[in-house]
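Each remark here refers to the structure printed beneath this line.
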């Protein structure tokens, strides 16, 4: 790690307040991720010294958890790993974990992967506690609807299921021999589907209307058969 003069090393950097800053504004730490480095400074001394560390060291410090993106190639040739922080998303090549990483805002990442946000049934009915949820393949993103471009919380699908108390049941469309075990958990606004042999793995989330249409189409097909 090193100290650097911000007048030279910080040229062109985009700074944002770290989620590790104090809530009262007394400990204002700003962070500017670059391709191979992360720069940290005191927001009250923007032109003063700053700390520069490697992307790997910063990831260790903030405790980033890397997971293989669902946008990776299925053959293992294009292995993209993603680590979601409070205000940014980090992307790297899994074959070069200590190499450069790309950092984008949570909003930009959500736009890239085309997240669909919906109001959580855990939101207050008066509109004061508006929580929005966007399920992805392996993660669930949660944000304040009044701050759509602000920080958001990202948790595993398993953790979210535990939090909301999803009750999983084996689908009647599963194979009776146990070879194709599909489990379904219905929530107020969505239906979750997973492989019972990979309970902690990815799961598919669709709207109640979409699931109803799918089940209806299958039933109709079976009736004609």
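The values are calculated or read from the model by the stated rules, or taken from the named source; none is laboratory data. Just so it is clear, the structure is predicted and the values come from calculations on it, not from any experiment. FYI the Cβ positions are ideal-geometry reconstructions off the backbone, even for glycines, and counts take in every protein chain you see.
Within the stretch 178-195, being surrounded by fewer than 15 Cβ atoms within 10 Å (Cβ to Cβ) and touching a strand residue (DSSP E or B) at 6+ places or on another chain (Cβ under 6 Å) holds for one residue alone: 189. When every residue of the stretch 166-181 is checked against the conditions, at least one turns out to be within 26 Å of residue 106 (Cβ to Cβ) and either part of a loop (DSSP other than H, G, I, E, B) or modelled with pLDDT of 80 or more (or both).
Would you be able to say whether some residue in the stretch 22-32 is modelled with pLDDT under 65 and under 23 Å from residue 154 (Cβ atoms)? Yes, the stretch 22-32 contains a residue that is modelled with pLDDT under 65 and under 23 Å from residue 154 (Cβ atoms).
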